[in-house]
Amino acid sequence: MNRENHRGFKFDWVIIVLFLLLVSFGWLNIMSASHVGEIESYFDMSQPYGKHSVFIGLTFVLIVLILSFEAKFYERFASIIYIVAMLALVGLFIFGKDVNGARSWYGIGSMTIQPSEFAKFATALAVAKYMSDLQTDMNTLKHQLRAVAIIVLPAILILLQNDAGSTLVYAAFFFVFYREGLQQIYLAIALSIIILAVLALKFGILITAIIAAVVIFGIYFFRRKKRASIVQSIVILLICISFSSGVKLFYDHVLKPHQQNRISLWLRLEKDPVKLERMKKAEAYNLIQSEKAISSGGFSGKGFLEGTRTTGKFVPEQHTDYIFSTVGEEWGFLGTTFVVLLFVALIIRILFLAESQKSQFSRVYGYAVASILFIHFTINTGMVMGMIPTVGIPLPFFSYGGSGLWGFTILLFIFVKLDSNKINEW
């Protein structure tokens, strides 16, 4: 337990206050999205808001436990925590419970636990531990591949459990690597991959190849210094064409029909009006209802518990992945802006504190926390507003669910503990 020197020892109350505001406002919106009729008790265990109030109560117990350990504990045992988390993910293939087509939960009586929510902080600790090792040099390919392997392992295990949303979160660690000195060429490659994938699906392989050729040879001819060989440019073009072909094959033969439909609706690929309407009713129903709920809120919203689309249960899963639509309807533009500002303030505060850390382990972990929260926040709000394809991913500290709330709480408060110890000698 904690035997540290407490002289000057303090927690960052800005993060704690932002956390409390998000959790409290989230609970109010869970109540709005899940209540039926008159609310007789805030602790009605037959309703999601009643269960979530218990989850919140247990969260404070969890916070006390996290803060009671000395900061060095999390660095010393990072590898063990990571191994336990991976074993928990592997165990789902044997003992897991299917929920909505995903084998991502352990059933414990009437409750379920989702290990992927806890794997995030375990992976963040493992990455911070590896990158802060004196023998690790992120400028060498060997160490880059090892760091990537730490991230890819849980991502693959989660993907095999049919939980693509949680898998996407692990892309957040790219920002951590970039902060720690990863060459800019990797950023250029990542952006190129995204652009090529979108172009291939939207315009086809031939148009994508033409665009790629124009860009590649344009760079070749107009680059006066350090001009690469024409052979190298041709090889790069062939790689782009091969990748575009692979994306099209993956879309047509690997993705499931509902995943294809979500991407098709996002990129507006379907031209047949009859089929498009059928796809909207099947795959875009949640999104359409979510957009209607948000737009109906106007500037100031309809008021707490007064959202007609929310109380009418027009938006499925509104207390979980689509909780932001409740904010839009009942609190309007002002409420959604308030939530966005809370998340932006929290992420900026974490980044600011991460930069002030004396320990590389604490700095890397802080960047991992900020990146994971950023990816979750961006994907969830973008999904609810139709800016990105529909992906099942919760809004941190806001969406209903004990596993999600506890996983994000552990993720955040480990950093609070590490930051509180930065004035002590390591």
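Of the residues Ala209, Ala200, Ala228, only one is modelled with pLDDT under 80, among the small types (Gly, Ala, Ser) and open to solvent by less than 90 Å² (accessible area, probe 1.4 Å); which? Give the steps one after another, and end with the answer.
On the way: Ala209 fails: modelled with pLDDT under 80; Ala200 fails: modelled with pLDDT under 80.
Testing whether each residue is modelled with pLDDT under 80, among the small types (Gly, Ala, Ser) and open to solvent by less than 90 Å² (accessible area, probe 1.4 Å) leaves just Ala228.
Of all residues being charged (D, E, K, R) and open to solvent by 10 Å² or more (accessible area, probe 1.4 Å) in region 323-381, which is modelled with the highest pLDDT? Just the residue, please.
Just the residues of region 323-381 that are charged (D, E, K, R), to begin with: 329-330, 349, 355, 358, 363.
Okay, now just the ones that are also open to solvent by 10 Å² or more (accessible area, probe 1.4 Å), so 349, 355, 358, 363.
Numbers: Arg349: 97, Glu355: 93, Lys358: 89, Arg363: 94.
Filtering first and then ranking leaves Arg349.
Of a type outside the set (Gly, Ala, Ser), touching a residue at least 40 places away in the same chain (Cβ under 8 Å) and at positive phi: does that describe Asn162? Break it down into steps so the answer makes sense when it comes.
Details: of a type outside the set (Gly, Ala, Ser): yes; touching a residue at least 40 places away in the same chain (Cβ under 8 Å): yes; at positive phi: yes.
So Asn162 passes the test.
Select from region 297-314 the residues that are in contact (Cβ under 8 Å) with a residue 40 or more places away in the chain and part of a loop (DSSP other than H, G, I, E, B) and list them in ascending order.
Taking region 297-314 as the starting set, the residues that turn out to be in contact (Cβ under 8 Å) with a residue 40 or more places away in the chain are 304-305, 307, 310-311.
Phe304, Leu305, Gly307, listed by residue number.
Conditions (1) in contact with a strand residue (DSSP E or B) (Cβ under 9 Å, 6 or more places away or on another chain); (2) open to solvent by 50 Å² or more (accessible area, probe 1.4 Å); (3) modelled with pLDDT under 90; (4) on the phi < 0 side of the Ramachandran plot, marked per residue:
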position	(1), (2), (3), (4)
Leu28	no, yes, no, yes
Met45	no, yes, yes, yes
Phe55	no, no, no, yes
Gly91	yes, no, no, yes
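I'd like the full set of residues that are open to solvent by 30 Å² or more (accessible area, probe 1.4 Å) and under 15 Å from Leu191 (Cα atoms), limited to region 240-250. Talk me through it step by step, then tell me what you get.
So in region 240-250, the residues open to solvent by 30 Å² or more (accessible area, probe 1.4 Å) come out as 241-243, 245-246, 248-250.
Scanning region 240-250 gives a single hit, Phe243.
The values are calculated or read from the model by the stated rules, or taken from the named source; none is laboratory data. Predicted model, so just to flag it, every value in this text is computed and none were measured. Glycine gets a Cβ as well: all are built from the backbone with ideal geometry, and neighbour counts include every protein chain shown. With ligands, DNA and RNA removed, areas are computed over all heavy atoms of the protein, side chains included. Shrake-Rupley method; radii C 1.70, N 1.55, O 1.52, S 1.80 Å.
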